[in-house]
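Below is one structure, written out as structure tokens; comments come after it.
The values are calculated or read from the model by the stated rules, or taken from the named source; none is laboratory data. Since the model is a prediction, treat every value here as computed from it, not as a measurement. We place every Cβ from the backbone using ideal geometry, glycine too, and count neighbours over all the protein chains shown. To get the accessible areas, we keep the full protein, side chains included, count just its heavy atoms, and leave off ligands, DNA and RNA. Shrake-Rupley method; radii C 1.70, N 1.55, O 1.52, S 1.80 Å.
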Amino acid sequence: MPADAPPESAHRPSAPRTAGRVSRTAGYVLALVVHLLAPAFLVTGVYLIAGLTVVGVLFGLVALDLAWLLRPRPAPFPAPAVPLTRSDAPHLYALIDGIGEALAAPRTDLIAISGEVNASFRTYGRRRDRLVEIGYPLWLILTPEERVALLAHEMAHARNGDARHGLVVGSALHSLHELRLVTHFGWRPGDGGTDLITRCLLALLGLPVRALILLLELLLNHSSQQAEYRADEMQAQVAGVPATASLLDVLSTRAPSVHDFLGSSAVAVGTWDLWTALRSHLDAIPPAELDRRREAAQVEKTRVDTTHPPTHLRIRRVLALPYPTPQVSAPAMERIEAELERAAGRVARSLREDAQSARYR
């Protein structure tokens with residue numbers, strides 16, 4: 001590409017962004033409708049119970065239960081994750097703060113380390129504290145420059161905002177998912193006929209709940225994909241195009257092997273250090289297999305049922321951006337690794353215990 005050629009994003013039509021805004025707005029409207037269901041069920045329940053009939057009281061209690069389940073509530077802290085305070089990891093916080101300043105993003109309140117092969121930004125709790133969750137299995141396989149790119153991507157989401165984890169849409173989704181769990185058909189042979197009838201009624205009640213979740217997810221997915229492109233561009237400004245493109249390549253070539261390793265029975269029965277074994281597993285992948293995965297990723301098409309665009313399209317857009325050098329250089333990682341050591345050990349134990357529980361169910 002000529003040096004003076006404008007980036008591809010400069011020629012990108014505004015139609016996708018406009019469609020993304022329309023989808024986001026429609027998602028907010030639907031989320032508000034979901035929030036109106038709780039007071040509607042509350043009023044209905046009180047009205048039915050006030051009639052003092054047996055049927056009215058029974059249905060009124062059901063309506064009050066639904067009102068309670070659909071009440072707006074903040075997202076909780078991700079339970080399996082290990083929180084790291086500023087006193088626990090001052091150097092990691094300094095890196096994130098520096099990236100946040102470069103992006104003009106709000107200050108991070110808390111970092112959490114988890115066993116996910118991913119990283120994310122979200123808000124949680126009544127105070128809506130800002131949380132950056134770092135999946136240690138992914139962090140472990142990245143270079144220092146790729147780690148900066150990873151954090152820059154999540155801080156870009158912190159600046160742009162994320163409807164999926166926001167107060168209006170996020171709490172609506174959380175309430176619907178709680179209701180979906182309650183209406184799950186969990187009957188087993190031996191539970192009895194009465195329980196079977198109850199479970200069938202709950203499953204029927206859950207059908208519109210699942211439909212609402214599907215519709216809300218579809219509305220949000222288009223705007224989420226556009227948000228990923230925006231976050232990629234901001235990430236490249238801070239971390240540089242090479243590190244950003246390299247990180248995206250890792251997600252499509254090496255990250256699948258991390259998923260395979262953590263999902264294997266070896267995690268449950270092994271007594272060795274989990275993270276050393278993970279590194280050895282990845283080092284054994286032949287370069288030809290990585291090339292095969294890159295080629296396979298090239299045929300991935302944009303889907304409406306996912307929050308992320310195809311990785312090869314993201315890489316193509318990133319490579320067209322004019323940010324060859326990073327604004328935030330990767331620091332020496334030894335001190336940060338020392339800060340993460342205890343949390344990484346707790347995550348490894350949690351992953352092994354979960355694998356053992358799943359094996360012996």
Quiz prompt | the stretch 70-161, relative contact order [Cα under 8 Å, separation at least 6], % | solution = 31
Quiz prompt | Label point at Ser280 placed 7 Å out along Cα→Cβ; residues across the stretch 312-352 whose backbone nitrogen lies under 14 Å | solution = none
Quiz item: When ranked by the protection proxy of mean other Cβ atoms within 10 Å per residue, highest first, what sequence do the peptides 39-48, 94-103 form?
Solution: 94-103, 39-48
Practice problem: Report in % the part of the accessible area of the stretch 214-289 that belongs to carbon and sulfur, leaving out ligands and nucleic acids; probe 1.4 Å. | Solution: 60
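Suppose a student asked you for the relative contact order of the chain, using Cα pairs under 8 Å spaced at least 6 residues apart; what percent would you report?
Once divided by the residue count of the chain, the mean separation gives 22 percent.
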Self-check item: Helix 193-239 axis, angle to the chain major axis (alpha carbon atoms, nearest 10°)
Solution: 30
Exercise. With both partners inside the chain, how many of the DSSP beta bridges are antiparallel, as a percent to the nearest 5?
Key: 65
Practice problem: Averaging over all projection directions, find the projected area of the Cα convex hull of the stretch 107-165 and quote it in nm² with one decimal place. | Solution: 4.1
Quiz item: Rounded to the nearest whole Å³, what is the per residue volume of the convex hull around the Cα atoms of the stretch 67-220?
Solution: 149
Practice problem: Roll a 1.4 Å probe over the protein heavy atoms and report the accessible area of His91 in Å², nearest 10. | Solution: 70
Exercise. Please list 321-330, 130-139, 307-316 highest first by mean number of surrounding beta-carbon atoms within 10 Å per residue.
Key: 130-139, 307-316, 321-330
Quiz item: By how many degrees, between 0 and 90 and to the nearest 10, does the Cα long axis of helix 241-253 differ from the longest principal axis of the chain?
Solution: 60
Self-check item: Shape call, the stretch 204-272: gyration tensor on alpha carbons, a/c limit 1.5
Solution: oblate
Quiz item: Full extension from Cys200 to Glu337: what is 0.36 nm times the residue separation minus their Cα-Cα distance, to one decimal in nm?
Solution: 44.2 nm
Practice problem: Enter the Cα centre distance for the pair the stretch 305-361 and the stretch 215-230, rounded to the nearest angstrom. | Solution: 22
Quiz prompt | Cα-based helix-to-principal-axis angle, 274-283 vs the chain, degrees rounded to 10 | solution = 60
Quiz item: Using the per-residue mean of other Cβ atoms lying within 10 Å as a proxy for protection, in what order, highest first, do the peptides 258-270, 335-347, 231-243 fall?
Solution: 231-243, 335-347, 258-270
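May I ask you to compute the full-extension gain from Glu300 to Arg210, defined as 0.36 nm times their residue separation minus their alpha-carbon distance, rounded to one decimal in nm?
Taking 0.36 nm per residue and subtracting the Cα distance, the gain is 29.7 nm.
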Practice problem: Roll a 1.4 Å probe over the protein chains and send me the accessible area per residue for the stretch 39-164 in Å². | Solution: 46
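Just the C-alpha atoms of the stretch 284-361: what Rg/Rh do they give, with Rh taken as the Kirkwood radius? Working shown, then result.
Working: Rg = 19.3 Å, Rh = 17.5 Å.
Answer for the stretch 284-361: 1.11.
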Quiz prompt | For the stretch 236-349, average projected area of the Cα convex hull in nm² | solution = 9.5
Quiz item: Using the Cβ atoms and a cut-off under 11 Å, what net charge is assigned to the surroundings of Thr244, where Lys and Arg are +1 and Asp and Glu are -1?
Solution: -3
Quiz prompt | 222 nm mean residue ellipticity, helices alone, for the chain (DSSP H n ≥ 4; -39,500 (n - 2.57); rounded to 500) | solution = -21500 deg cm²/dmol
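How far, in nm, would the chain grow between Leu52 and Asp129 when pulled straight, counting 0.36 nm per residue and subtracting the alpha carbon separation?
Extending this stretch completely gives an extra 23.3 nm.
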Quiz prompt | the chain shape via C-alpha gyration tensor axes, a/c threshold 1.5 | solution = prolate
